[in-house]
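Trainee: Mind looking over this structure? Questions follow.
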There are 2 protein chains.
Amino acid sequence: MATPLEKAHKDPESMKARILAVACRIFGEYGFHGTTTRMIAQEVGIDISTLHYHWGEKKDLYEAVILDINKDLGQKLIDVEKIIHGLPLGERMAIAIDTMTDYFFARPEISNIMLFRYIAKTRDNVDLRVPEFTADIARSMGLAKKSFNLADSMPDSRVNSAANLPNYTPPRAMLEVLAVMNAIHNFISGENFFRPMVNLEREEYIKAVKETLKFVLIPAFVQREGETRQS
Amino acid sequence: MATPLEKAHKDPESMKARILAVACRIFGEYGFHGTTTRMIAQEVGIDISTLHYHWGEKKDLYEAVILDINKDLGQKLIDVEKIIHGLPLGERMAIAIDTMTDYFFARPEISNIMLFRYIAKTRDNVDLRVPEFTADIARSMGLAKKSFNLADSMPDSRVNSAANLPNYTPPRAMLEVLAVMNAIHNFISGENFFRPMVNLEREEYIKAVKETLKFVLIPAFVQREGETRQS
DNA sequence: GTTTGCTTCCATCAAATGATGGAAAACATA
DNA sequence: TATGTTTTCCATCATTTGATGGAAGCAAAC
């Protein structure tokens, strides 16, 4: 309908976009309940009613933040997938870990909000995309077959059987991807807690985190791939 | 001083202990800001003033929860250390992961609260023990030398140099331990989110989590140990 | 039975918080 | 400039929330 209006709202300089950006940061720092609409409004430099005018109630703004993050993260994953496509597994993982770690360190709110959502009890169902991302990564990492469809060879099997769905991803593959992603998120979100523990400057910390992640996470997968190839 | 009074407060049936136990669970589910003193009081079945009578202000209760968790976790780590002592690294890690995973699944509030503290912005300094635990585990896993003291061989080196302190643990070893511990916490705290994603019953989920953790985390350490031994 | 000290609850407060109505301001357009 | 639309702010509400004072309950000591 109102094309100029919608366009204005997508302009990153628009009030609506500015509020969203600040909300993302504050929600990330303090969580949903730890954040007040007044905190966000004050940070933007506006009145609370302006905030409500653009985004409705607090929960709506929070959901908008989630959707925004999901969009951004989804795009980033596509970008990384393009870069690492075709390389051997060890290199794919190393590059992916380096790139995603830099990305999250640049936007720690993303890691924070993702982890908050995993941990805290919540009733909102905004989030159909995390499972989707996880399955995509699993496929990209060769942990699940691409568009594997058992039904082709077993036409009589039950339609409802999850394993027969086109893009079915086995639980173990999903959990392995989650283990990798969460390991990254933890070091970003936990920086304020962990960095004093190890007594490193920010740059050193980032470097050490990358090395640690690559050291801990890669060998298992590379080793298994080798074994599978041999047999 | 008042011995009978203090004794009463340590009795797990005492009101003070009951409040603490419930507080631990609720704080774990909703985080500090997401929890109200009324929620806790209602769950215990008492009035808010009774809660305040025993524990003072909300923050004091929260700090008591942290201390309680740290105590329990510290004891558990000592127990595990005893069991795995002397075994080869791969087995040590496998048993430690199995045992700690069971422990955290039985008391998910612990994982929740640990992660909440890592993520959320906080100013409290209740927590001198997490670094200590981490260093202990690092030593137990052979990632840091036990009571290594350079000053013995270099009497003139600067006293303040961290590397010369008796129980100094290098950053990389600390981060490696954190990576392992956090990987466990994530799957426990994230159960509500991850389990529907992988569509498993609780028991299956726990089993799959343990397998995934052992698969992802152990090979890197075992492999490095082998390389170090060879050289 | 009375006193004493600890525990619990009811009533209530003050501050914080999410939210809204309506006036003023800013902006666009004819 | 006049007119209509959009945006912003001020004043204000109703709830929620952390917190307290004081009365009532209760048990052991005297």
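The values are calculated or read from the model by the stated rules, or taken from the named source; none is laboratory data. Quick caveat: nothing in here was measured; it's all calculated off a predicted structure. Cβ atoms come from the backbone with ideal geometry, glycine included; neighbour counts cover every protein chain shown. The protein model used for the area step is the full one, side chains on, heavy atoms only, and it has no ligands, DNA or RNA in it. Shrake-Rupley method; radii C 1.70, N 1.55, O 1.52, S 1.80 Å.
Trainee: Hey, for A:R202 with labels 7 Å out along Cα-Cβ, what do the inter-copy distances come to in nm, ordered shortest first?
Mentor: Copy-to-copy label distances for A:R202: 4.4 nm.
Trainee: Hey, for A:E57 with labels 7 Å out along Cα-Cβ, what do the inter-copy distances come to in nm, ordered shortest first?
Mentor: Reported distances to equivalent positions: 3.0 nm.
Trainee: Going through the cross-link list A:K16/A:K71; A:K76/A:K121; A:K16/A:K59, which pairs have a Cα-Cα distance over 20 Å in this structure? Write out the running numbers ahead of the final one.
Mentor: Details: A:K16/A:K71 17 Å; A:K76/A:K121 27 Å; A:K16/A:K59 15 Å.
Table pairs above 20 Å Cα-Cα are A:K76/A:K121.
Trainee: Please compute how much accessible surface disappears when A pairs with B, both sides summed, using a 1.4 Å probe, and round it to the nearest 100 Å². Walk me through the intermediate numbers first.
Mentor: Numbers: alone 14230 and 14260 Å², together 23880 Å².
Between A and B, the summed buried area is about 4600 Å².
Trainee: Using the alpha carbons of the stretch A:45-86, what is the convex hull volume per residue in cubic angstrom, as a whole number?
Mentor: Working: hull volume 2.8 nm³, N = 42.
That works out to 66 Å³ per residue.
Trainee: Same structure, new question: Would you mind getting me the FRET efficiency between A:K59 and B:E227? Use the beta-carbon distance for r and R0 = 35 Å, nearest 0.05. Don't skip to the end; give the middle numbers.
Mentor: Details: r = 52 Å, r/R0 = 1.50.
The value I calculate is 0.10.
Trainee: Still on this structure: Sorted from shortest, what are the nm distances separating the label point of B:R224 from equivalent points in the other copies, each placed 7 Å from Cα along Cα to C-beta?
Mentor: So the label point of B:R224 gives 2.1 nm to the other copies.
Trainee: Here is a follow-up. Once both labels are modelled 7 Å past Cα along the beta-carbon direction, what's the A:L67-A:L87 spacing in nm?
Mentor: So the label points at A:L67 and A:L87 sit 3.5 nm apart.
Trainee: For the pair A:R38/B:A17, report the inter-label distance in nm, with labels modelled 7 Å from Cα in the Cβ direction.
Mentor: With each label placed 7 Å out from Cα toward Cβ, I get 4.1 nm.
Trainee: On full extension of the chain, what length is gained from B:R172 through B:Q75, given 0.36 nm per residue of separation minus the C-alpha to C-alpha distance? If you can, show how the numbers build up before the last one.
Mentor: Details: separation 97, 0.36 × 97 = 34.92 nm, distance 2.49 nm.
That works out to 32.4 nm of additional length.
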